[in-house]
1. Being over 26 Å from ILE191 (Cα atoms) and of a type in the set (Gly, Ala, Ser) is the filter here, so list the residues in region 123-154 that pass it.
2. Within region 155-173, can one find any residue that is surrounded by 18 or more Cβ atoms within 10 Å (Cβ to Cβ) and within 13 Å of the chain's Cα centre (by Cα)?
3. Answer yes if at least one residue in region 23-46 is in a helix (DSSP H, G or I) and at pLDDT below 75, and no otherwise.
4. Would you mind finding the one in ILE130, ILE110, ILE145 that is surrounded by 15 or more Cβ atoms within 10 Å (Cβ to Cβ), in contact with a Leu (Cβ under 6 Å, 6 or more places away or on another chain) and at pLDDT 90 or above?
5. Report every pair of residues separated by at least 6 positions or lying on different chains whose Cβ atoms are under 9 Å apart, first residue within region 155-174 and within 17 Å of GLY187 (Cα to Cα) and assigned by TED's automatic domain parsing to the domain that holds ASP124, second basic (Lys, Arg) and surrounded by 11 or more Cβ atoms within 10 Å (Cβ to Cβ).
6. Only residues in region 32-61 that are surrounded by fewer than 14 Cβ atoms within 10 Å (Cβ to Cβ) count as the first member; pair them with residues that are at pLDDT below 80, Cβ under 9 angstrom, at least 6 apart or cross-chain, and list the lot.
7. Scanning region 249-269 for residues that are in contact with a Ser or Thr (Cβ under 6 Å, 6 or more places away or on another chain) and not in a loop (DSSP other than H, G, I, E, B), which turns out surrounded by the fewest Cβ atoms within 10 Å (Cβ to Cβ)?
8. Do the conditions hold for ARG139, that is, is it under 17 Å from ALA270 (Cα atoms), surrounded by fewer than 18 Cβ atoms within 10 Å (Cβ to Cβ) and of a type in the set (Lys, Arg)?
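The values are calculated or read from the model by the stated rules, or taken from the named source; none is laboratory data. Small disclaimer: the values here were computed from a predicted structure and weren't measured. With ideal geometry, Cβ positions are generated from the backbone for all residues, glycine too; neighbour counts draw on all protein chains shown.
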Amino acid sequence: MKTYLKLSAYLFFVLISISSIFAQQKEDTIYLLDGGQKKGKVITIGDDLIKFSYTGEELQYELKKNLIDKIVFGNGREESFKSTNTTTNSVNAVISQSSSIQGGTRLAVIPFEIASNDQTLTTDIMRREIQQSCVDALRSRSLSIQVQDPRTTNATLAKSNINLADIANHTPEELAKMLGVDYILLGVYDIENKGTYSYGSGVATYNDKKKDDKTKGTVTQSNNSYTSINYDTKVLMTIYDAQGKQLFSDTRKPFMGGVDSYKGALKTLAKRIPLK
């Protein structure tokens with residue numbers, strides 16, 4: 001009988017101890033900003049993420065800290081994240097306001113590449129002329145983006161020891177970072193010299209010595225001839241964001257080729273750009 005009583009007392013003590021241990025291992029409760037709750041065990045708290053497991057599970061989940069209001073741990077301690085999220089939102093608001101003041105996102109037009117079999121056309125002056133025409137075409141659309149002045153773009157490239165021949169050796173992402181813009185526009189003007197052709201006209205006039213008697217007059221011949229160069233042209237325009245992602249690419253081939261046929265092609269391409 002005494003042995004039975006001792007065994008019962010021992011079991012009762014064990015049960016009380018186990019109950020006490022489970023009572024101490026209370027759940028951690030995560031309170032979300034949207035009003036939801038998640039109960040389980042918080043494992044780690046990082047700079048941006050919180051790892052936790054649901055009660056009775058070993059699988060770990062991740063939650064972004066900017067979605068959390070507070071955590072009430074099983075031991076009663078609370079940790080609030082509201083102040084951190086408020087600060088982050090305030091910083092984002094300041095950045096957004098600053099961007100709005102500056103006219104929104106910024107785009108830089110790089111001097112165009114010229115692909116031609118006529119070396120007299122592949123000059124830095126012509127590359128800058130096409131660059132300026134492209135800027136004018138973009139500005140005529142009244143886009144919400146701010147197009148950087150070509151002089152600023154070219155001066156910044158020069159200060160970075162990048163001449164026009166070196167531009168092709170740099171990625172759009174590198175150029176955007178260098179110029180401090182959100183978009184980069186790269187273009188190619190393909191102009192092929194198809195050769196020359198001539199045309200002319202001749203006019204014969206009769207000076208009669210006696211009216212209605214053409215047998216006694218003289219004939220004066222006048223010839224006019226002209227020579228022109230025939231060009232086959234095409235304009236390629238491509239836009240990248242600051243991360244180097246291609247956002248737009250299109251080609252325009254003018255109906256009538258000419259040295260300056262890029263002007264009409266650029267206006268057409270500018271209307272196709274999906275930026276608003």
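1. Once the filter is applied, which keeps residues that are over 26 Å from ILE191 (Cα atoms) and of a type in the set (Gly, Ala, Ser), region 123-154 yields SER142, SER144.
2. Taking every residue of region 155-173 in turn, at least one turns out to be surrounded by 18 or more Cβ atoms within 10 Å (Cβ to Cβ) and within 13 Å of the chain's Cα centre (by Cα).
3. In the first step, residues of region 23-46 are kept if they are in a helix (DSSP H, G or I); the result is 23-24.
Add one more test, that the residue is at pLDDT below 75, and what stays is 23-24.
Within region 23-46, one or more residues are in a helix (DSSP H, G or I) and at pLDDT below 75.
4. Numbers: ILE130 fails: in contact with a Leu (Cβ under 6 Å, 6 or more places away or on another chain); ILE145 fails: at pLDDT 90 or above.
Going through ILE130, ILE110, ILE145 in turn, just one is surrounded by 15 or more Cβ atoms within 10 Å (Cβ to Cβ), in contact with a Leu (Cβ under 6 Å, 6 or more places away or on another chain) and at pLDDT 90 or above: ILE110.
5. If the second residue must be basic (Lys, Arg) and surrounded by 11 or more Cβ atoms within 10 Å (Cβ to Cβ), the pairs left are LEU164/ARG127; LEU164/ARG128.
6. Partner pairs satisfying both residue conditions: LEU33/LYS82; LEU33/ASN85.
7. Just the residues of region 249-269 that are in contact with a Ser or Thr (Cβ under 6 Å, 6 or more places away or on another chain), to begin with: 249, 252, 254, 257, 261, 263, 266.
In the following step, the residues that additionally are not in a loop (DSSP other than H, G, I, E, B) were identified as 249, 252, 263, 266.
Working: SER249: 12, ARG252: 19, LYS263: 16, LEU266: 25.
It comes out as SER249.
8. Working: under 17 Å from ALA270 (Cα atoms): yes; surrounded by fewer than 18 Cβ atoms within 10 Å (Cβ to Cβ): yes; of a type in the set (Lys, Arg): yes.
Yes, satisfied.
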